[in-house]
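Q: Take this structure first; my questions come after.
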Amino acid sequence: MPFSTSLSVLFARTRLAFLPVFLLVIAVAEAHAGVIHGTVTDTTGATVKGATIVLMSGGKYVSTTISTANGGFQFSTGREGRFALVITAENFRPLDTPTFYAGVADDIERNLVLELEWVRQSIVVTATGTPIPQEQASAETSVFAPLDLARREDFVSVLRLQPGAVVVQAGQRGAQTSLFIRGGDSNASEFLFDGADVDEIGGIFDFGNTSTTGVDSVEVYRGPNSSLYGADAASGVISFNTPHGIANSPQLLFNGDLGNYRTARNQLELAGSHKRLDYYGAYSWLQSQNDLPMDRYHLGSSAANIGWQPIPKLQLRGIAHYGVAATGVPNAWNFYRIADDRKQSDQNLYVSASLDYQLTPDFHNQVRYGAARKREQSMQWYPAGICIPAGSCDLPVGSEGAGNWYGEDVTIRGANGAQVVGQALLNYSTANYSIYPNRLDLVNNRDQVNYQGDIHFTPHLVGLIGFRYENERGVEREPVYFLDEAAERNNYDYLAQVHGDFKGRFFYTLGGSLQRYTVIGTQTSPRAGFSYYLFKPRPGIFNGTRISFNFADAVREPTLADQTGSLYTFLQNNGGQDTIDQLHIPQLQAPTARTYEGGVQQGFLRDRIVFHANFFHNQFGRQIENVGAGLIPELLPNLTPEEQEQLQAFLNNNGAFSLAINSQAFRALGFETTVEGGIGRSFFARGGYTYLDTVVQRSFSSDNEALLGGYAPTYDGIPIGIYSPLKGARPFRRPPHTGFITGSYVKNQWTVVSTAAFVSRSDDSTFLGYSDINQGNSLLLPNRNLDYAYAKIDFGGSYQIRPRIAVYGQAENLTNNQHIGPIGYPSLPFNFRLGLRVMVGKTAEK
């Protein structure tokens, strides 16, 4: 055979021999090429076929694909960079995803949830601990998105725009603000910043000085959820979330505005991403004179969020919020007409650092460290008021005939028509053992470590396990009165839960936790929830009928003041251990909550209109009261008359005034209704109404002395609870009727938002017991319907002058209502702000 022919045959055989190897190399290379894949579903979990998914990078088109019959899609990128997905489907709202990083050989999963064009649903986390659509949650959760928070400087007005919640601000801008959910106390809810607990020991949280800076969404879960979030989540969970950087290049955003009452606010934000890193930072400054003397307010807020993804399965993230606030505390102006000379300052630092690791495609792990550092200083320089009798306030300490400082002669009128006239005690004098200036310091520190692992056993069954450890430290210090109380707690939580669905129609959540707390011992918190689609969403006038049921138990920690002022602690700290042992006096127990909830959701016109109705029954037991020391012996069970006398003598000899014990119980039942819908893609409206029926079933306090043979205050024969409600009455500041209406219009350059919140009269007290000119109770009014009803109407909007320049404005309290706060506290009148918004950098990619 010629040499050339032999060589040709050799080459041919060589090619044939290497062909399998070559194909294998290609297959391996293709298998390790970058892949972006996922599944497209609707909010019920049903897959969406035929959705168009566009892959974008750097604002430019990369590729397009169509979701398959099972909702799946896949892209092979073959390069590294930051990508985004844009999804469209018939009858669904277009969806833009946040950008994400993908390397050359990375395998990235992005599952997408589409919502119908006419409704506004969201992905929520607080209901189950893992992200699910609102439509699959058995418990009610409200979500406030960036449009709801735009132009707002705080959350006071925002949180009123949901069913089942009452917001009470005792003063004007910056004043102490509390949230009551479904009849629970203001310290019965858990507050989270990016998954880390930030409330004070025992659940107290003041969001009157909490800025919207660095917050792009808020979830409000209505109902107990101690099984996931530990003690204090007894009536709800409020979760604040920090935005991430999403643009490929840095963006700088400035907002500056001015308003009446010498109000000014400036905010600067910087955000972006680079390869595996994303970043966000913000700072704002707000100041206002308010409308009362001695009531100036300022708030400086900063936030930072940095994320890094070294490999596709691992993400590290660190988030911090820091706020510095100072406000005057003029006291209840309508009771005195003289402003108290008191100032409150707060410094709050919240930190969340997390590690997310996708060990396998079905097993996700998260470890989170959370820290909260809360400092509050309350300072009073001198005793404001009118000295009565004149000149007697400067007498030597303990002098006979020494007077005190009082307000002006005023008429106090309640919403129930009752009224009284007189001068109220504003400050005790130095002659009566008060010291000026005086300062009260409160410190609340928390460090916690959480682990959570969620396992996808099947696409329809998810298991969750978790562990939480927290160390809490608190201090209450008032040096001039020799007050220096400190406490430390170590708490542990172990949780387990499953949630899933059956054929996309029946959704369920079953779980519970075992908790070991320093003060309240070992507790358990079970929870179960179900929802079922009687009729799944479909074309037609009447569609998408869903029913739900939820049950949960929960507990709450005592506050620091409860712990240091408890009967048990008082006896222990004052040599009363023998009394504790002999009378079997226990430590403070955990206040409890139990809820049963059932609801129905109904869609109309292919979910262009969605109606919700929920009935709930909450039972709050073993609630803590501060009870007069003289009543305590008669309230403790199984004490003989001799033992009662022994305890009474001990309390008297050691100067006890009032102490904390578990002596109150009340129930709260009601129903919530909401309706929402849109016209096209530009207009969306939502409204709701809540009826709340609360009643105190057990209560002992100094208000009940008449029941034990003592003296109780009355108004024309009507018994009055000075500091807490009486048995059979409603808990204070929980109105039976609340409602809201919101409307938004977004089109072209215009964004317009109008909101209104409505609240009926509620029970309350003037808290002026033993505070008239004779140190009597003539300035008390009947508790029933004492606080005024109100309507608060706000209006705001913006206009985009150019792509990077916009003007905006916000007007609040359009009706100039003075009774939005509780009795005695006039609300901030009509106020407005006008501002300019400027962006530097490329348009953000979602």
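The values are calculated or read from the model by the stated rules, or taken from the named source; none is laboratory data. Everything numeric in this text was worked out from a predicted model, so none of it was measured. Positions of Cβ are backbone-derived with ideal geometry, glycine not excepted, and every protein chain shown enters the neighbour counts. Remember, those area values only see protein heavy atoms, side chains included, never the ligands or the DNA or RNA. Shrake-Rupley method; radii C 1.70, N 1.55, O 1.52, S 1.80 Å.
Q: Stretched out fully, how many nm does the piece from V421 to E488 gain, at 0.36 nm a residue minus the Cα gap?
A: Gain in length upon complete extension: 19.5 nm.
Q: Evaluate Rg over Rh across region 499-641, taking Cα atoms for both radii and Kirkwood's formula for Rh.
A: Ratio of gyration radius to Kirkwood radius: 1.23.
Q: Specify the angular offset, from 0 to 90 degrees and rounded to the nearest 10, of the alpha carbon long axis of helix 3-31 from the longest principal axis of the alpha carbons in the chain.
A: Helix 3-31 and the main axis of the chain meet at about 20 degrees.
Q: Where the accessible area of region 138-263 is counted over protein heavy atoms with a 1.4 Å probe, how much of it, in %, is carbon and sulfur?
A: So the carbon and sulfur contribution to the accessible surface is 54 percent.
Q: List the residues whose amide H sits under 5 Å from the amide H of I386, counting only those 5 or more places along or on another chain, with H placed 1.01 Å from N in the peptide plane.
A: When sequence neighbours closer than 5 places are left aside, the close amide H contacts are Y406, G407.
Q: In square nanometres, what is one fourth of the surface area of the convex hull spanned by the alpha carbons of the chain?
A: 42.5
Q: Report the per residue volume, in Å³, of the convex hull enclosing the C-alpha atoms of region 446-488.
A: Hull volume over Cα atoms, normalised by residue count, gives 69 Å³.
Q: Using the heavy atoms of the protein chains and a 1.4 angstrom probe, tell me the accessible area per residue for region 738-828 in square angstrom.
A: 42
Q: What ³J(HN,Hα) values, in whole Hz, does the Karplus curve 6.51 cos²θ - 1.76 cosθ + 1.60 give for region 374-384 when θ = phi - 60°, with x put for Gly and Pro?
A: Taking θ as phi minus 60°, the curve returns 10, 10, 9, 10, 10, 10, 10, 8, 8, x, 6 Hz for region 374-384.
Q: Under the 0.36 nm per residue contour assumption, what length would be gained going from the current alpha-carbon distance of F502 and Y799 to full extension?
A: Stretched fully, the F502-Y799 segment lengthens by 102.2 nm.
Q: Using packing as a proxy for protection, rank 225-237, 741-753 so that the peptide with the highest average count of other Cβ atoms within 10 Å comes first.
A: Ranking, from highest mean packing down: 225-237, 741-753.
Q: Quick check: from the Cα gyration tensor, does region 326-401 come out rounded (a/c under 1.5), prolate or oblate?
A: Taking the square roots of the gyration eigenvalues as a ≥ b ≥ c, region 326-401 is prolate.
Q: Something else: Please work out the C-alpha center-to-center distance from region 264-307 to region 512-545 and express it in whole Å.
A: Region 264-307 and region 512-545 have Cα centres spaced 36 Å from each other.
Q: For Y596 and N111, what is the calculated FRET efficiency with R₀ set at 56 Å and r taken between the beta-carbons, to the nearest 0.05?
A: Using R0 = 56 Å, I get an efficiency of 0.95.
Q: Okay, next question. Please tell me the relative contact order of the chain in percent, rounded to the nearest whole number, where contacts are Cα pairs under 8 Å and at least six residues apart.
A: It rounds to 11 percent for the chain.
Q: Using r as the Cβ-Cβ distance of T52 and E80, and R0 as 25 Å, what FRET efficiency do you calculate, to the nearest 0.05?
A: Approximately 0.50, to the nearest 0.05.
Q: Then there is this: Kirkwood Rh over alpha-carbon pairs of region 200-252, then Stokes-Einstein at 10 °C and 1.306 mPa s: what D in µm² s⁻¹, rounded to an integer?
A: Calculated translational D: 118 µm²/s.
Q: Would you mind computing, in nm to one decimal, how far apart the modelled labels at L834 and Q775 are, each placed 7 Å from Cα along Cα→Cβ?
A: It is 5.5 nm.
Q: Using a 10 Å cut-off on Cβ atoms, rank the peptides 357-370, 300-313 from the highest mean neighbour count down.
A: Listed from highest to lowest mean packing, they are 300-313, 357-370.
Q: OK, next. Can you give the angle from 0 to 90° between the axis of helix 641-653 and the longest principal axis of the chain, with both taken from C-alpha atoms, to the nearest 10?
A: Tilt of helix 641-653: around 90 degrees.
Q: Residues of region 814-844 with backbone nitrogen within less than 20 Å of a virtual label 7 Å along the Cα-to-Cβ line of S249, please, listed as ranges.
A: The answer is 838-844.
Q: Can I ask one more? Taking the Cβ of D106 as the centre, find all other residues whose Cβ is under 13 Å away and add up their charges (Lys, Arg: +1; Asp, Glu: -1).
A: It works out to a net charge of +3.
Q: Need the full-extension length gain, T518 to N573, defined as separation in residues times 0.36 nm minus the C-alpha distance. One decimal, nm.
A: Result: 18.1 nm gained on full extension.
Q: Using helices alone, what [θ] at 222 nm do you get for the chain, with -39,500 (n - 2.57) per DSSP H run of 4 or more residues, divided over all residues and rounded to the nearest 500?
A: About -2500 deg cm²/dmol.
Q: Using the heavy atoms of the protein chains alone and a 1.4 angstrom probe, what is the accessible area of region 497-625 per residue in square angstrom?
A: Averaged over the residues of region 497-625, the accessible area is 41 Å².
Q: Cut-off 14 Å, label point 7 angstrom out along Cα-to-Cβ of I435: give me the residues of region 369-395 whose amide nitrogen falls inside.
A: 380
Q: Decide, for region 805-846, between rounded, prolate and oblate: order the square roots of the alpha carbon gyration tensor eigenvalues as a ≥ b ≥ c, take rounded if a/c falls under 1.5, and otherwise choose prolate if a/b is larger than b/c, else oblate.
A: The shape class here is prolate.
Q: Of the heavy-atom accessible surface of region 378-471 (probe 1.4 angstrom), what whole percent is carbon and sulfur?
A: Looking at region 378-471 in its full context, I get 59 percent from C and S.
Q: Still on this structure: Have a look at S392, A139, N573 and report the one farthest towards the positive end of the charge dipole of the chain, computed about the Cα centre with Cβ charges (Lys/Arg +1, Asp/Glu -1).
A: Working it through, the farthest residue towards the positive pole turns out to be A139.
Q: Between I547 and H617, what's the calculated FRET efficiency when r is the beta-carbon distance and R0 is 22 Å? Round to 0.05.
A: Once the sixth-power term is evaluated, E becomes 0.85.
Q: Related question: All other residues with a Cβ under 12 Å from the Cβ of P383 taken together, and with Lys, Arg as +1 and Asp, Glu as -1, what is their net charge?
A: Local net charge: -2.
Q: Say the cut-off is 20 Å between C-alpha atoms; which of K503/K536; K49/K747; K536/K747; K275/K313; K275/K842 go over it?
A: Beyond 20 Å between Cα atoms: K49/K747; K536/K747.
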